[in-house]
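Here is the structure we will look at, set down as structure tokens.
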Amino acid sequence: MNGLQTLKLNKKAYKLYLRAKKLNLWSKETCTFMVNSARHIPISSNELSDLFEILIFVVEKTEIFPIEAQFRIKLNNKVVYLNSSGDFLEQRLIINDNKINGHLSQGPIMLSPKLDLKSVDFSTFISGYFRGHISAEVLKKLCTVPEPLKVVWNIAVVRTIYLKFSHPRWEDPLDSLYVVQQLLIAKEYPRNYVRLIENALVNGARLGFSPVDVLNKIVLHNLEMYGDDPDTFAEAMQLDWAMARRLNALFGKENDGTTFNQYSLQKLIIPLISPDSRFIKEQNLAEIDRMFRDIAIRWKEVFTQPYRYTKDLFDNYGDIYVANVCRNESPDYIRKELIRLLNHIDFISSRIDSEKQYTRFLKPLHIEGFEEIKKKTGSKSRQSVMRLLMQKHFEIIEEYTILEFPIDYRQYMTFFSGGFIQSPDDIDFFQNAVRNIRKLNSTETDEILRVMMAFASDVKETQKILDYISTCKIFDRQIYQKWKDLKEDRQDEAIYSLNKTFDRYLLDPTIEISIKELPKMERIIENAIIKQLIKSPRLSRQEIDYMLANETTAMEPMFSSELTKPVDFSVDEKVYATKSSSSQEFISVRHRFVNRAASMASDEMYRNRIATSLIKAGVYHYGNNYSDVSLEVMNNFQIFTGEVNNLTGKAAEVGRECASWILTQEKVLAVKTINLMEELILSGIIENTHVTKQAYPPFSDIMEKPERDTFTKETILPLKEIYSIYFREYINDFCINQSAQLPPVARTLFQKSFPGTETMMECAQIIYKNLAYYLDLDQFDLELNALNSQRVPGLEVKSRKIRMVGGKRKLDQFFSYAGEMGYKGLFNEIKRKDFIPIRIIDTTTMILSGYITAFFVYPSNSRNRIFLLTGIHIKESWIIDLDETNFYREARKALVNFAKRVDAELLCVTQSGEVHSGCSSIRNLMKADLDDKPLIKTSAVLKFPEKSFNFSEVSILWKKKSE
Amino acid sequence: MNEQMREDLTQFCRFDCDRYEFLINWLNREEISHSVIPTGSARHILIRLDKIRPYLKRYHVKTLVAHYDRVDGTPGANDNSSAVMQLLYSIDKLKSLNFAHNIQIILTDKEELMPGESLVNQGAYQLANLFREKNINNCIFFVFDMCGIGDTLISGRAGLQLLKNKYDNEIRFKKMYDHMRHFSDSLADLFLSFRDGEYFNLNSLFSDDLGFLLNRYPALQISVLPYSDALAVKNNLFRIDDEKWNEVQGKGVLSAEYREFLKPLLPQSWNSNHKSSDSIERLTDSAFDVIDEFILELAQYQIPYGEVNS
């Protein structure tokens, strides 16, 4: 059945078709659209007949046919796009939680469901750069203007403005026209004001201003200020336009909305002339013009320099400052400040000529920091402080830029972004404090600095903190405050006791904390010790505080005292060469990854887009095999509306199968996923993992060492951590936690698992495996092995003393962070009565190096207890210095010792190799040990909120000797 | 390894040593009763230890086997003089046990096959054949081979693997496979409780055990390796493609292809086997301690006869 026949099936549609045939102009085009569209959209659809009606209406009233438009028709939970010939373009699912992108501040308009979704949405007219987007509602209004308005205004001009230049956010101007008209009549303003205003509307619209804004923000403002004097009024109206044209002239390009002028308008002129700007309010017009000329000339100079990163540096950093300065400063200061800012941008961009350097500039932290300052300088009295602060900030940044962003820069930016820098003095104080703390060589620099910035106000005070820090192992601001108030002789005693408690707390899980010099501080001291011991880059101070505040009684020691008796042993150290024979391939592969990641464009839609396209890919893939089912899924099931709980039967199955396919199958997908991960990590989209900050130094190391033979253990290891551990962690996080933030479709697919196929955790492992393969993660181990020197006979082998001891108190709830297993805050084992975390402590260095985790389970049909090992989680950076095999054998013996003590019949280990350890060398050792070992069936299936572990069959590592 | 043992080993590994003579003299010197079982040109030495405490009939007789022959022109310290000495020196300790241990020892001949010889020429095969003819059913065999270097006990399960492959192809091997599997499983407890359960199963090793297995006697090879070597072998084995492994095994364990395939997989400490460098200097005391301890452990470990019946 062709389109016309279809049209005839619907009385209303056919009537409209006949009407279209009678149109004087564009009749053929309109009819073609109707006939063709009827082939793609059910003719019974009200949306389609509405569209026909409006289209005819538009053609009749405006005599324009929107040739370049795309029409968007809502059908159930999807939207179908047609072009102006009625041909099918594509269909999309309606996703309700996409973020909307702004218009002027954030570049091109994306089709967004948050725009008013009328049954027919003219906002999807696409004709050039954000031009010609008009909603049906506005268009209707413009075609049915009340007579009184028609008398004063030339409505045809207004309508043309909308049809040519409007974008979806433009509201209809009728109300504003009415208000202005009333004012013109009431004040008896001259008739030529109307023409001036209409000109302003046309000019403004060309530059992207809504007529409503022009009327409300410029025209009304000028009428009130200069309305009584026709010449001044005309001049003021002229000035607004002149400022835009000045830039136009400077750049010598047409203001067609696609040139750089559009950028200048957004970033400079709009803040300057916006109603809340003081720039055009407080000076005479000639003076304003003069000032603006200065700014515009400097603006042109800066932005026409051939530096690569000028615009990148300015966006979301300089422009925020511009808006802020315009709002709060007098015109003269505005000029000075903007020129200072432009000089700053010019200077920085002249020094940053590579992606590496741009990454090091840490732009996101600048934005955060500026937002913090804005928050804190709300009151007018603080405005001048803010100005001075920013001037100082610009200076210090320029200094750091000259020094090529040394390590202090990162620290400064952490403080800047954290809101610690509140006055210009804070910057001086920071620089002094950093100098002093460097001398201490402490690993807690950030925390010390933070306390210093918070407490110290003079040199004496600063020295006191330094004295405390250099002698006491526990650092906490509350303890420090109490300690500071003690008499001097008691201060020494307190530090001695604190240090002793620190060591004992780690070694003895049953210790009671009590320091007589610091009474009633037990809880704080314990928390402070924990913060010192848990130095995981994967866990922020805030997260630690949160976890400590949410402790539960389940963490109290509650297992056999046999487990809290330590087992001590020694492990040999490894000897490393100082330089590797790293292959050029290794270096080039890493360079490539880093380059690609650094060149990513920051796009807030990125994540959603990728997720959506993954789902689409999955659905289409599925559609190839089971087309009808796929269509069913796409059109009818709640899967695409996010109502996950309603998923049943085939829909659920299909959806999940898609997820499983998406996550497991395609090589291309794996490669894409790698890109996504890298970009997410490096662009800091992964929140709270501090990966960006962690990634920064090793990446720079690798970028700065292009020659052969320059890698050391210290540079390779952090890279390995980033690639392997953080990826693993990110993937787990992505699949479990972050997926909650995905669009509904993706969320559904990521969160569900179904019998017989992969669970999300397994999918996470599969993704990780793919990533590991494509990222050549093995290469890190090979490089490290190459560095591992052969032991010279006769040379004394150094060894470390290790203690293993079961512990279940506050410290031990952080067990998953002490090692590098990759699961972050995933499990709640600590709250289980049968869960046993065993600390691994390097007593030579007094480092909590990791945990061994175990459970008690029972075999089927037996009361004999099994000591079930579930994982050995140790710090890679620690084990790398030791003979891993030696460690594993000794740790295994220690575990047998524990099993014997608690009278367990068997020491077993779960068979899921992936979760045994985040450390590849330990995992390999366990794999070899487990191979071909006898199995035993257990009745245990342990369920956690996030994951079920099926322990129905476990491998036996040791068995109690039968009597 | 005590001085006496070292001295004996040195003599035993001399190029001009007549090993059969040496063993007979040694046993006579120590006044240990023994008998010689000839099969073809091979002379096997049987040492029964049931005079002080008779073997318990309801349990299997655990027969510890070590081949005493060597490749001509090599010292054969690790292959297999060390195991022979370990067994000989365990006799005294076994005798002094105050319980019935059901252990007997056989030192076999003709383990090392000459080019062109097949498995039926192997001494152990012929011996097992003889046992079958004599209707001896209650024996299980622990074949000690390559026990001189390392600290980690290795259970060689090539026989089991071989039977499994055969059973996969031909149903008639099912009974034999089940039999061996049962035996292997029942021994697991022994290995798991020995030295905190630190041992490895390696499926690529075999020795005299094959001869016994093919005559339907449960047999297991025992070896010793340094832990790192055992790990390396395991990791090498993980990398082998299953199909390739089956294909090579299909050609027969004595085939040149199989031996060639196995070569790079073998542990580093066995590189000197069948070479003049297989000297006693390379042996380690820890290996002797492991075997000494294991034999005593084995003495306590009884396998009921009814449960594993051929």
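Loop only per DSSP, at most 11 neighbouring Cβ atoms within 10 Å: give me the GluC sites (Glu not before Pro) in region A:1-86, ordered by residue number.
Within region A:1-86, the qualifying GluC sites (Glu not before Pro) (loop, at most 11 other Cβ atoms within 10 Å) are A:E63.
Mean projection of the alpha-carbon convex hull of region A:1-87 over all orientations, in nm²?
5.0
Provide the per-residue ³J(HN,Hα) series for region A:34-49, in order, calculated from phi with Karplus coefficients 6.51, -1.76, 1.60 and θ = phi - 60°, each as a whole number of Hz, with x at glycine and proline positions.
Each residue's phi maps through the Karplus curve to give 5, 5, 5, 5, 5, 7, 10, 10, x, 5, 6, 5, 5, 4, 5, 5 Hz.
Mind listing the long-range amide H neighbours of B:A219? Cut-off is under 5 Å, sequence gap 5 or more, other chains count too, H placed in the peptide plane at 1.01 Å from N.
Sorted by chain and number, the residues that satisfy this are B:F141.
Over all distinct alpha-carbon pairs, what is the Kirkwood Rh of region A:302-356 in angstrom?
Answer for region A:302-356: a Kirkwood hydrodynamic radius of 11.7 Å.
Would you kindly work out the equivalent ellipsoid of region B:3-300 from its C-alpha gyration tensor and give its semi-axes, the square roots of five times the eigenvalues, largest first in whole Å?
The equivalent ellipsoid of region B:3-300 has semi-axes of 27, 23, 20 Å.
P(r) tail for region B:108-149, what percent of Cα pairs lie past 16 Å?
Cα-Cα pairs of region B:108-149 separated by over 16 Å account for 48 percent.
How many angstrom separate the Cα center of region A:833-853 from the Cα center of region A:290-317?
Cα centres, region A:833-853 to region A:290-317: 56 Å.
Do any GluC sites (Glu not before Pro) in region B:157-257 lie in a loop, going by DSSP, with at most 12 other beta-carbon atoms within 10 Å of their beta carbon, and if so which?
Numbers: sites: B:E170, B:E198, B:E243, B:E247, B:E257; in loops: B:E170, B:E198.
Those satisfying the criteria are B:E170.
Show the residues, 5+ positions off or on another chain, whose built amide H is closer than 5 Å to the amide H of A:Q911.
A:S955
Given the pairs A:K482/A:K516; A:K565/A:K893; A:K927/A:K960, which are separated by over 18 angstrom at their Cα positions?
A:K927/A:K960
Using helices alone, what [θ] at 222 nm do you get for chain B, with -39,500 (n - 2.57) per DSSP H run of 4 or more residues, divided over all residues and rounded to the nearest 500?
Mean residue ellipticity at 222 nm (helix-derived): -13000 deg cm²/dmol.
With all protein chains present, how much of the accessible area of region B:138-234 (probe radius 1.4 Å) comes from carbon and sulfur, to the nearest whole percent?
The computed percentage sits at 48.
What FRET efficiency would be calculated for the residue pair A:T845, A:Q481, taking the C-beta separation as r and a Förster radius of 35 Å, to the nearest 0.05?
The value I calculate is 0.75.
Skip the ligands, DNA and RNA, and give the accessible area per residue of region B:3-300 with a 1.4 Å probe, whole Å².
41
Can you give the three extents of the C-alpha atoms in region A:477-530 along their principal axes, from longest to shortest, in whole Å?
Extents along the principal axes, in whole Å: 31, 18, 15.
Ignoring ligands, DNA and RNA and using a 1.4 Å probe, state the total buried accessible area between B and A in Å², rounded to the nearest 100. Walk me through the intermediate numbers first.
Values: alone 13910 and 42900 Å², together 54930 Å².
Summed over both sides, the interface buries about 1900 Å².
What does the C-alpha gyration tensor say about the overall shape of region B:54-136? Classify as rounded when a/c is under 1.5, otherwise prolate if a/b is larger than b/c, or oblate.
Cα axes put region B:54-136 in the oblate bin.
From the square roots a ≥ b ≥ c of the eigenvalues of the alpha-carbon gyration tensor of region B:121-258, which class results: rounded (a/c under 1.5), prolate (a/b over b/c), or oblate?
The shape class here is oblate.
Which pairs in the list A:K808/A:K831; A:K473/A:K798; A:K164/A:K300; A:K801/A:K875 are over 19 Å apart, alpha-carbon to alpha-carbon?
Over 19 Å apart, Cα to Cα: A:K473/A:K798; A:K164/A:K300.
How about region B:113-144: which chymotrypsin sites (Phe, Trp or Tyr not before Pro) there are in a DSSP loop, with at most 11 other Cβ atoms within 10 Å of their Cβ?
none
Taking the Cα atoms of region B:190-310, report the difference between the largest and smallest coordinate on each principal axis, in whole Å and largest first.
40, 40, 27 Å, listed from the longest principal axis down.
The values are calculated or read from the model by the stated rules, or taken from the named source; none is laboratory data. In this text the structure is predicted, and so the values were computed from the model without any measurement. As a convention, Cβ positions derive from the backbone with ideal geometry for all residues, glycine included, and neighbour counts pool all protein chains shown. Surface areas here come from the heavy atoms of the whole protein model, side chains and all, with no ligands, DNA or RNA. Shrake-Rupley method; radii C 1.70, N 1.55, O 1.52, S 1.80 Å.
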